[in-house]
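The values are calculated or read from the model by the stated rules, or taken from the named source; none is laboratory data. As the structure is a prediction and not an experimental result, all values here were calculated from the model. Note that we place each Cβ from the backbone using ideal geometry, even for glycine, and neighbour counts take in every protein chain shown.
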Amino acid sequence: MRVSTVATAALVAGSTQVQAAPTFGLAFGLLKGLTTAVHTDINLLLGSLGVGLQSNANIHGQALGYGGIGCPFSLASQAGVSVNAGLHGGLSHNIGFSAGVNGGAFVNWKNFKANGVTLSGWLVQDKSLDLDWWNKYASDCDDEWSLTAKLGANAGAVLEARYASYITTGYIDSLAAAGINLLRIPTHYSAWVSVPGSGLYHGNQQAYLKTICQYAIQRHGMHIVIGLDSLPGGVNGLASGERIGATGWFNSAENLSYSFKAIDAILGFISATGHLNAFTVSPINEPCDVTANFATAGGLSLGATNFINTYVQGVMKKIAQLDARIPCMVQDGFLGHDYWAPFFSAGANIVIDSHVSFSGAIGGGISAGLGAGLNAGAGLNAGAGLNAGAGVNAGVKAGAHVGGGLFGGFGLGGLLGGGLSGKGGAQVGAGANVGASGNIGGGVNAGANVGGAAAVSAGTAYNGPKLSAHLIAPSVCKQASLLKGSGKFPVFVGSYGIQAQEGNTLSGRKTIYNTQKYAYAQNLSGGCFSHAKANSNSLSVSGEGCASDYNSFQSLMSANVATKNTESCYC
């Protein structure tokens with residue numbers, strides 16, 4: 001596995017890999033002639049696939065205005081949203097979600113409406129979703145890579161037990177009873193291919209995946225999105241992208257080779273199920289080569305855009321070898337539909353996957369709306385040791401948000417990145433730095449009105465209100481259609497939640513959940529709740545209850561929040 005110099009030492013350290021018998025997906029791929037040889041020369045690799053190295057990143061479209069909390073919406077009254085105290089949900093809708101599998105027909109994302117749930121924490125471990133389980137084995141570890149290393153020879157037994165028990169056919173029955181017609185299933189590349197030097201466990205993940213997929217398809221007619229959330233070398237510096245701090249996937253021919261081999265195995269797996277029409281392939285998740293700017297328009301360089309496009313073009317070639325009617329899902333990296341649309345012909349069988357968060361869990365930023373009546377988040381927390389260069393200007397207009405390690409600042413179409421200016425004048429001046437404490441230090445000045453008139457001066461943190469739960473539903477109603485962009489390709493909200501930074505109420509969950517369920521189906525190709533389960537009772541939230549009350553679909557079903565009905569909507 002080819003990685004950057006910075007990542008090499010950490011990749012080698014603690015590399016614990018338990019080998020399993022050859023998986024049927026890869027074996028079937030070999031029989032079908034789908035598999036890719038491992039190359040260290042990118043020209044040889046791409047030549048073998050009939051794909052050219054993409055170099056046209058500069059033709060990208062306008063990036064959607066994501067702030068550092070992963071939220072593309074302007075949470076402000078002057079953006080045309082009627083915001084009053086409290087939640088005012090009272091509308092019901094009969095959306096008529098169709099089955100995810102309709103006989104032998106292939107899904108057409110242009111008219112399919114998804115009502116989905118992500119099976120996170122199952123084949124890709126997430127510490128925040130099950131602290132008790134995690135702390136039982138490795139409380140001092142923050143990603144699956146280090147967890148596996150600490151487990152050592154016991155890794156296989158512990159993880160296989162997790163695969164067998166965390167998601168069961170009985171749980172799939174409960175999802176079906178709640179009207180779910182789609183499962184988004186994140187996997188590591190290690191579920192599909194053994195990569196030398198990788199610290200992720202390579203075992204029998206496919207066997208457990210087969211049981212759940214076959215049951216969901218045959219018993220309940222659910223559509224399956226198989227997600228390749230991590231790629232060799234690391235795709236975003238986050239735990240889910242391989243391991244914390246790793247972005248070595250980009251510009252590595254060897255890592256790209258192993259990624260294509262993982263795709264080969266996924267296609268072999270799909271073919272072996274006998275249900276080609278029940279699957280969509282998602283080959284990458286939340287890509288970002290500038291981790292400090294994760295969940296903002298500054299998170300992806302043009303070089304990384306070219307590399308992703310090269311990979312996706314290769315993936316589509318491989319899918320076409322099996323059946324071109326199988327859709328390819330392109331996760332937008334918090335850049336939106338229009339950023340990616342110019343790279344693909346109008347007839348391409350792709351769907352854009354956009355993610356929405358309101359809790360601040362994405363990117364470690366805050367929602368600091370700069371303008372009358374907006375909400376400015378306290379603390380302005382970002383990653384340690386980040387530096388903002390001279391003249392980086394945050395876009396400030398109706399509903400701009402500052403967050404995500406300095407780089408929020410987007411209105412309804414503003415773009416922020418290195419050297420790009422927005423409107424209004426909230427400026428991160430020359431040499432402003434984010435110190436190890438996570439607080440924005442010297443040189444940060446707010447030139448726009450913050451709740452009338454205020455300034456964030458050197459060395460201080462803004463202590464205004466955070467993003468409040470009562471703003472979510474009306475903002476989604478007004479602005480969900482923004483995710484559609486030009487409409488060239490269908491857009492699916494592949495991950496959304498209901499937890500806000502402030503003012504969470506148990507009684508308000510139903511309105512926030514159902515409003516998003518309705519708005520994404522009404523304006524887009526539907527959506528997918530972010531977590532099937534979250535055993536995080538020890539994690540507090542601002543407001544009522546605990547984190548699992550808001551982040552666990554299982555909890556929402558138990559509380560009669562998530563049902564087949566779409567009621568208590570704001571719009």
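Assorted remarks:
- Taking the criterion of being closer than 30 Å to GLY96 by Cβ and touching a Phe, Trp or Tyr at 6+ places or on another chain (Cβ under 7 Å), the residues of segment 534-566 that qualify are PHE553, LEU556, VAL561, ALA562, THR566.
- Criterion (aliphatic (A, V, I, L, M), in contact with a strand residue (DSSP E or B) (Cβ under 9 Å, 6 or more places away or on another chain) and either in contact (Cβ under 8 Å) with a residue 40 or more places away in the chain or not in a loop (DSSP other than H, G, I, E, B) (or both)) met by exactly one of ILE244, ILE263: ILE263
- Out of GLY451, GLY447, GLY441, sole residue that is modelled with pLDDT under 50 and surrounded by fewer than 15 Cβ atoms within 10 Å (Cβ to Cβ): GLY447
- Any hit, segment 480-497, residues being closer than 20 Å to HIS223 by Cα, part of a loop (DSSP other than H, G, I, E, B) and in contact (Cβ under 8 Å) with a residue 40 or more places away in the chain: yes
- Filtered by the rule that a residue be touching a residue at least 60 places away in the same chain (Cβ under 8 Å) and in a loop (DSSP other than H, G, I, E, B), segment 334-348 gives PHE334, LEU335, GLY336, PHE344, ALA346, ALA348.
- Test: residue in segment 213-231 that is of a type in the set (Val, Ile, Thr), in a helix (DSSP H, G or I), buried (at least 20 other Cβ atoms within 10 Å of the Cβ) and in contact (Cβ under 8 Å) with a residue 60 or more places away in the chain: yes
- Of the residues making up segment 37-48, just one is in a helix (DSSP H, G or I), hydrophobic (A, V, I, L, M, F, W, C) and surrounded by fewer than 17 Cβ atoms within 10 Å (Cβ to Cβ), namely LEU44.
- Here the condition is being in contact with a Ser or Thr (Cβ under 6 Å, 6 or more places away or on another chain), assigned to a helix (DSSP H, G or I) and at pLDDT 95 or above; of ALA153, ALA149, ALA164, it holds for ALA149 alone.
- For segment 49-65, residues that are within 26 Å of LYS484 (Cα to Cα) and buried (at least 17 other Cβ atoms within 10 Å of the Cβ) total 8.
- When residues of segment 167-209 are limited to those that are assigned to a helix (DSSP H, G or I) and under 30 Å from GLY248 (Cα atoms), the one nearest to the chain's Cα centre (by Cα): TYR189
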